[in-house]
Structure formats: C-alpha cells, structure tokens
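What follows is a single structure, written as structure tokens, with notes after it.
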Amino acid sequence: MEQAVHTPQPSIARPVICFALSAEFVEMTKHCRIPVAMFGNYLEFSQQRPESGCIVIGTHEVPKACKLLKNLRSDPAIALTPIYLLKDLGPEVAPLCDGVVDTIDEACDKAAPINKLLLDLEARQLADPGNAPQRLLGYLYSRPNSLLTPVGDWRNERFYSYPMMDAMIPPANGATVLQGLMERNLLAPAHLVDRLRHCPGCEGVHLNYIDTCPSCDSIEIEQRPFLHCFTCGHVGPDDQFIASMGLTCPKCAARLRHIGADYDRPLENFQCRACRHVFVDPKVTARCMHCDTANAPQDLLPRPLYALQLTEKGRISVRTGSVEEVCTLLDCLNNVDNSYFESIVDWLISLCRRYKEEQFSLLGIRIKNVVELTDRIGRLRVRELMDEFARRVRELIRSTDLTTRTNQYTLWLLLPKTDAKGCEIVRGRILALQADAGDGLELESVPFHAPSQLVTGEGAKLLMARMEGAIIE
Ligand SMILES: [Zn+2]
Ligand SMILES: [Zn+2]
Ligand SMILES: [Zn+2]
C-alpha cells in the first residue's frame, strides 16, 4: 500500500513542459527526443497540469521569467521539478532555476539525477500545501550541491532575502520558518555572506549616517577654520578675527600678529549654525529611512547573513518525511519541554545532595531504528507502532512521572521517589514492549539513580548528555 505513494517514473517517459515560446524555441522543440507540452503562461499550464520531470522556460525577459518561476516554485505540486532557462537572465532569476541549457535534451539529461533523488522523498507529502518547509528541505536534498543563498536588492526593506524560500513560503512566515529550521538543526550556515546593521525600531537596513551637533542635534553644522587668542583664550571662527588692521581678537581686541606667539589654530573646527556650539567631533546619527528613527550607531543591531545548507539531520528528516511527526506521538506522555525537565532534574539533584532520604531515577530510552523501519515497512505502519508504543508507555508511568524528548528519538522518563530497583522494573517493562511489537521497534535504554550514582558537580544537562552518549552508537 505504502509503496504506491512512490511512483517511480523515469523523467524521460513524461513530457517536457515548455513555457514562453519564441519562434526559435518552437523550432528547437521539433528536434528533441522527448515529447513536449507547450504553454504560453502559468495559467494555461495550471488548467491542464500534465505530469512532468522537467521544465524549460524560453523567455529572455527577466520580469516574465521571474514571475513564471515564482508561480512554479510556489505551486506545491510542481515546486521541486527541475526548471531550466535557455539564457542566463542574471542574479534575480538564477536562484529560482536549476541552470541554463542549450537544448531541451540537455535539460532532460540534467534533470535526471534530480528526479532520481526526488524519488527518495514522499511525493504526496511534499505536495501537501501545508508542507512548505519540508518542500524547501526537499529542494536542497534533491540538489545536493545547492545552498539557500541570500540575494541583495535595494528595493527590499531588509535588503537581503532568500528568493527560493520566498517563492515556496509566504514571505510573512519566511523568517519564522527559517529560524525554526535552523533551531531544529535541519539547516545550518554554510558561509557568512554579509553582516548588516538593522534599525532597532523597524529592522530596516536603509540608514543614513549623518553628522550632527553634539549639543542640539541639529544637522546644520559646518566645518570652519578657527583661531585661538592666547591673550584671552577666546576660540572662534576665523572670520570673527578679521579686521581692517589684520587679525584682531573680537573679545579682548588684542592684535594677533604671529601664529604660535599670539594665536594658533585649535582642534575645534565645527560650528553649529543653530546653537553656535563649537566642537571637534560631530555626533554621528544613523537615521532610519524607513521609520525615521534617529539611532546612535552603537544601538543598531548587527546581524550576520549566511548562505544555508541542509544538515545531515535535515537530510534524514526530509527522507523519512514524517519521522518527526511520528515521534511527536511520544509527546503526549506527561511531556514537558527540555529546559523545564532539566530544571526539575537539577532541583531533584540538589534535594538529594542535601537530604539523605531523597531519591529519584531517570531513564533514557532511545528508539534506534525509526529511519530504517520507515524505509522497510512504510510510514503508516511505523506511525501505528509508535502510537501503540506511546499508549503502552502511558500505562506504565504514574501521573507524577515526567517525560521529555531531547532529540527525535530519545525519550526521557523522570521517576521521582523511585529507587534503582523500581527504575529497573519500569525499564524492563518498557523494553518488553519491543518484543510485543512484531515489526521490530528496537529500543536502547540507560538508567540512572540518585543519590547512589550522583557525580560530584554534575548537573542535569551534563548528566543527560553523558547518558545519551551511552545509548547513541
Ligand atoms: Zn547645535
Ligand atoms: Zn582675546
Ligand atoms: Zn526604522
């Protein structure tokens, strides 16, 4: 049943979809070895939707190609299909297509390895409109050398964007989705592209750095030559000193004959026209050209910008599709988030250190073979197995026990007031569940008891990392 979802059709049997035809392009379609389905625009295509493993776009107009590519990449059913151009149309178009070809046959040849990798993925799941993040990962999976690369555009408030992501995910959610994928370690930085300073008010990056008066903030300042009278110490713009008899101090009327002896040129050489304040260094203000906020440069938010790559975890996640979703079944077991779980373990550890009669047990259970099982028996069956496993575990734990998951496959049980023997019993019962599940859920476990196994100075984080190390091969 599950196998029917994979429809391994060699790309060659399906027609090549050709868009935006010129006379020259039509001529080209007559000479290729594969059938061709021709469409003038996306709307025409969307009314027929032939299955295809390769798309060629014939237009040489950047806006037209851009619009077409955005439509195709945002269409869940066809988003991951290899798309080629007949001409390099520059940096706006390049991140959305798979390259440039000279002939339609060449496009099919280049598409073949991508289509082969796409067969690893669950097509129906990737085509689910609500599954845009998985589609983005699927895109990177099927193009192993590709990165999610930011492209700069002065028309963009943030300057940089990830065009492929924007096409697949509505831009309003893009930043959150991307952050989520990075936090889950499915995407990771490949290299640093740039570092931008953002307005703390609106996140805009178009800033005007302007010199202002440090006293009244007016921008109307001017750089002027200044003189400094040694007799009275007056400092002022040199035109104040110019008199009919040569240079004269406007304050004490001393004649200034020799520079170095009567006067000199001081460092101050800015004057504010608004408040007449005299100063050496103007104050620099970064005024946001989006929201008009004036920010001190040190208040701007520096943000690094990376080209992103699919991690090994991301590869596994997209290949097994819903392993993650299957594992969330475990989350209904008195489940709390990691940091809360850790803080409770830390608290119990301190109690055990202080009061000799206190004790608790911790049990780490790792499901070793979810990925292999999904490959072997299909996702639906694995889902059933996990569901059943979660149900049985729920029967075994008390309402005072807490659980958490530290990665997709490691389940933690915190058993307060439980001695090593009690923990061993729970562990034995849970391990017995793998024998009941005929298809073979393989479990690995590691028990811990406090205070008998307490290590001096070790907190929850370190303890759980150490235990997890023991069950990850
Ligand atoms: Zn001023
Ligand atoms: Zn003077
Ligand atoms: Zn702003």
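The values are calculated or read from the model by the stated rules, or taken from the named source; none is laboratory data. Nothing here was measured: the structure is a model prediction, and the numbers come from that model. Note that each Cβ is placed from the backbone with ideal geometry, even for glycine, and that neighbours are counted across all protein chains shown. All accessible areas refer to the heavy atoms of the entire protein, side chains included, with ligands and DNA or RNA removed. Shrake-Rupley method; radii C 1.70, N 1.55, O 1.52, S 1.80 Å.
Table for the structure above
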{"item": "Evaluation of Arg276 against (1) away from ligand 1 (no atom under 16 Å from the Cβ); (2) surrounded by fewer than 16 Cβ atoms within 10 Å (Cβ to Cβ) (one fails), failing number", "result": "(1)"}
{"item": "So Leu187, is it at pLDDT 90 or above, within 30 Å of Gly152 (Cα to Cα), surrounded by fewer than 17 Cβ atoms within 10 Å (Cβ to Cβ) and touching a strand residue (DSSP E or B) at 6+ places or on another chain (Cβ under 7 Å)", "result": "no"}
{"item": "Selected residue (only one of Met164, Met182 is away from ligand 2 (no atom under 16 Å from the Cβ), open to solvent by 60 Å² or more (accessible area, probe 1.4 Å), in contact (Cβ under 8 Å) with a residue 40 or more places away in the chain and assigned to a helix (DSSP H, G or I))", "result": "Met182"}
{"item": "Among (1) farther than 28 Å from Leu186 by Cα; (2) aliphatic (A, V, I, L, M); (3) in contact with a Pro (Cβ under 8 Å, 6 or more places away or on another chain); (4) surrounded by 20 or more Cβ atoms within 10 Å (Cβ to Cβ) - the single one Ala450 does not satisfy", "result": "(3)"}
{"item": "Residue in the stretch 246-253 that is more than 16 Å from ligand 2 (Cβ to nearest atom), open to solvent by 50 Å² or more (accessible area, probe 1.4 Å) and not in a strand (DSSP E or B) present", "result": "no"}
{"item": "Single residue of Leu86, Leu43 found to be among the aliphatic types (A, V, I, L, M) and in contact (Cβ under 8 Å) with a residue 60 or more places away in the chain", "result": "Leu86"}
{"item": "Qualifying position, being modelled with pLDDT under 95, farther than 30 Å from Ile219 by Cβ, more than 16 Å from ligand 1 (Cβ to nearest atom) and crowded, with 16+ Cβ neighbours inside 10 Å, among Asn338, Asn295, Asn334", "result": "Asn334"}
{"item": "Residue among Asp211, Asp217 that is in contact (Cβ under 8 Å) with a residue 12 or more places away in the chain, open to solvent by 40 Å² or more (accessible area, probe 1.4 Å), at positive phi and within 16 Å of ligand 1 (Cβ to nearest atom)", "result": "Asp217"}
{"item": "Segments classed as strands (runs of 3 or more DSSP E), wholly inside the stretch 4-122, with at least 3 members that are in contact with a Cys (Cβ under 8 Å, 6 or more places away or on another chain) and either outside the structural domain of Tyr160 (by TED's automatic domain parsing) or surrounded by fewer than 21 Cβ atoms within 10 Å (Cβ to Cβ) (or both)", "result": "36-39"}
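Results for (1) in contact with a Lys or Arg (Cβ under 7 Å, 6 or more places away or on another chain); (2) within 30 Å of Gly138 (Cα to Cα); (3) not assigned by TED's automatic domain parsing to the domain that holds Tyr162, shown as yes or no for each residue.
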| residue | (1), (2), (3) |
| --- | --- |
| Phe226 | yes, no, yes |
| Thr231 | no, no, yes |
| His234 | yes, no, yes |
| Cys249 | no, no, yes |
| Gly260 | no, no, yes |
| Thr285 | no, no, yes |
| Met289 | no, no, yes |
| Tyr306 | no, yes, yes |
